[in-house]
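Asker: Before I ask anything, let me first share the structure, which is written out below as structure tokens.
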């Protein structure tokens with residue numbers, strides 16, 4: 001992933017860091033978290049694919065969302081930023097803190 005794509009995914013990080021929701025209520029159901037994860041990945045996938053990489057949902061366990069970066073993402077120095085951008089988008093979508101974890105091969 002090039003710097004422009006990583007910046008695109010994390011573009012609003014600084015502006016909205018304070019605006020991330022504080023948990024109120026209960027954690028989303030596994031089905032709701034799966035649906036939100038798939039929607040976020042679908043929205044971010046074109047930017048990642050433009051740079052020769054891809055992102056796939058592997059599993060969800062509690063508050064952990066396991067994803068696999070493939071293609072050019074596997075050797076990219078900005079892969080951590082990409083995962084952080086996925087996490088920020090997902091937290092906004094579900095209104096609850098989650099962890100986005102790279103899945104083991």
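The values are calculated or read from the model by the stated rules, or taken from the named source; none is laboratory data. The model shown is predicted, which means the values in this text are computed figures rather than measured ones. Neighbour counts run over all protein chains shown; Cβ positions are idealised from the backbone, glycine included.
Asker: Mind checking which strands (runs of 3 or more DSSP E) fall wholly inside the range 36-104 and carry at least 2 residues that are without any contact (Cβ under 8 Å) to a residue 60 or more places away in the chain and over 11 Å from the mean Cα position of the chain (by Cα)?
Answerer: Hits in the range 36-104: 53-61, 64-71.
Asker: For residue 7, state whether it is under 14 Å from the mean Cα position of the chain (by Cα), at pLDDT below 95, surrounded by fewer than 17 Cβ atoms within 10 Å (Cβ to Cβ) and farther than 12 Å from residue 90 by Cα.
Answerer: It is true that residue 7 is under 14 Å from the mean Cα position of the chain (by Cα), at pLDDT below 95, surrounded by fewer than 17 Cβ atoms within 10 Å (Cβ to Cβ) and farther than 12 Å from residue 90 by Cα.
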